[in-house]
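One structure is given below, encoded as C-alpha cells.
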Amino acid sequence: MRWENQSVVSEFLLLGLPIQPEQQGGFFCLFLGMYLTTVLGNLLIILLIRLDSCLHTPMYFFLSHLAFIDVSFSSVTAPKMLMNMLTQSQSISYAGCISQVYFFLLYADLDSFLLTSMAYDRYVAICHPLHYTTIMSQSLCFLLVIVSWALSCASALVHTLLLTRLSFCGDNTIPHFFCDLSALLKLSSSDTTVNDLVILTVGGVVITLPFICILVSYGHIGATILRVPSAKGICKAFSTCGSHLSVVSLYYGAIIGLYFFPSSSNSNDKDVVVAVLYTLVTPMLNPFIYSLRNRDMKGALGNILSKGTCSP
C-alpha cells in the first residue's frame, strides 16, 4: 500500500446548499443567526457552569464539555459555508478540505462519546443514588472525557490518513456545503475498499456502540422509574433525564435519518438538508433544551443576572 498523496487536485468545489441564487441572501442571514446563537448560547452554558458552584457536579461537567464541542462542531463547517455564500465562491483548498474532514469526524465522535458518558451519569444518579458521589468521582469524570478525546482523535486520524493516500484526478466537485468523507470517496479515482471497510468497523465502534450503551442505560433507568411508587418521584426522575434524552433524540435521529432510511432520487439534497440539521440546528437547540428544561441552569442564570443588576 502506498501512503503518499498522489492527488493532482489542488482544490475542491463545494456546490453548497440546494437553494436558488435569489434566496442566498435570506438563507445567509438565517444561517448566520443560527451560528451566532449556537456560539453565544453554548458559551453562556460554559460560563454559567464555571461561575455557579452549585453546577460543579459530574452532570454539568459533561455538559460544559458538550457545549464546547457543539461550538467547535458548528465552527468546522458554518464559517466556510457562510463565507462561500457571501462571496459566491465555491472553492476550498485540498489541505483545507482534508483538515475539515478530520475536525468534523473528531467532534462528531466526541459528541457521541460524551452523550454516552452523560447517559451513564444519569443511570448512576437514578439507579444507584446512594453510591452516586462515590461512583461518579472527579477522577472517573476526567477519565471518561480523556478516553473520549483519545478514541475520537484516533478514529478521525485513521479516516484522514486513509483519505490522504487516495488520488483525485478527475471531477473535483463536491455536492455538499462541506467536505463530507463519503462524497470525497466517491470522487476518488483510487480503490476505496479499505476506506469503506474502516468506515463500517470504526463507525460501529464510535456511533453504534455508544448508542447501544445509551439505550441500555435508559432501559435500566426506565425500569427503576417504574418501580418508584409516587407520581412525584416519577416526574422528578424524568425531569433529570428529559434534557439529555431530547439532545440524544436530535443527534441520533439525524444520523438514523441520513444513514438508515433508503435514499430517494434526490439523495444528495436529502443528505445536505440532514447535515444542516445535525451541524447547525442541533448544536443551536442544545442550549435552549438545557436552559428551558433545567431548573438549576435557570436558577444559575437568574443569580448571575440579579448580581449584575444589583451591582453598582
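The values are calculated or read from the model by the stated rules, or taken from the named source; none is laboratory data. Everything quoted here is computed from the prediction, not taken from an experiment. Positions of Cβ are generated from backbone atoms using ideal geometry, with glycine treated the same way; all protein chains shown enter the neighbour counts. Accessible surface areas use protein heavy atoms only, side chains included; no ligands, DNA or RNA. Shrake-Rupley method; radii C 1.70, N 1.55, O 1.52, S 1.80 Å.
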Checklist entry - When both residues are 6+ apart or on different chains and their Cβ atoms are under 9 Å apart, which pairs have a first residue that lies in the stretch 160-185 and is more than 17 Å from ASP271 (Cβ to Cβ) and open to solvent by 30 Å² or more (accessible area, probe 1.4 Å), and a second that is modelled with pLDDT under 90 and in a helix (DSSP H, G or I)? => result GLY170/LEU187; ASP171/LEU187; ASN172/LEU187
Checklist entry - Which one of these is in a loop (DSSP other than H, G, I, E, B), within 26 Å of VAL248 (Cβ to Cβ) and at pLDDT 90 or above: PHE142, PHE178? => result PHE178
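Is it the case that PRO210 is in contact (Cβ under 8 Å) with a residue 60 or more places away in the chain and crowded, with 19+ Cβ neighbours inside 10 Å?
On the way: in contact (Cβ under 8 Å) with a residue 60 or more places away in the chain: yes; crowded, with 19+ Cβ neighbours inside 10 Å: yes.
Yes.
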Next on the checklist: Please return the ranges of helices (runs of 4 or more DSSP H) entirely within the stretch 248-312 where 3 or more residues are at pLDDT below 70 and of a type outside the set (D, E, K, R).
Outcome noted: 295-310
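Output yes when any residue across the stretch 86-96 is within 27 Å of SER249 (Cβ to Cβ), assigned to a helix (DSSP H, G or I), within 22 Å of the chain's Cα centre (by Cα) and among the small types (Gly, Ala, Ser), and no when none is. Before you say what the answer is, go through the steps one by one.
Taking the stretch 86-96 and keeping what is within 27 Å of SER249 (Cβ to Cβ), we get none.
No, that holds for no residue.
A quick yes/no check of all residues on (1) open to solvent by less than 20 Å² (accessible area, probe 1.4 Å); (2) free of Cβ contacts under 8 Å to residues at least 40 places away in the same chain; (3) part of a loop (DSSP other than H, G, I, E, B):
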| site | (1), (2), (3) |
| --- | --- |
| PRO18 | no, no, yes |
| LEU63 | yes, no, no |
| LEU66 | yes, no, no |
| MET81 | yes, no, no |
| LEU105 | no, no, no |
| ASP111 | yes, no, no |
Checklist outcome for this item: Scanning the stretch 118-137 residue by residue, those free of Cβ contacts under 8 Å to residues at least 12 places away in the same chain and either in a helix (DSSP H, G or I) or open to solvent by 50 Å² or more (accessible area, probe 1.4 Å) (or both) turn out to be HIS128, PRO129, LEU130, HIS131, TYR132, THR133, THR134, ILE135
Item to check | Leading residue by the ranking (surrounded by the fewest Cβ atoms within 10 Å (Cβ to Cβ)) among those in the stretch 24-56 that are of a type outside the set (A, V, I, L, M, F, W, C) and in contact (Cβ under 8 Å) with a residue 12 or more places away in the chain | outcome: ARG50
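Have a look at ASP121, ASP171, ASP109 and point out the one that is of a type in the set (Asp, Glu) and closer than 22 Å to HIS220 by Cα.
Values: ASP171 fails: closer than 22 Å to HIS220 by Cα; ASP109 fails: closer than 22 Å to HIS220 by Cα.
Only one candidate qualifies: ASP121.
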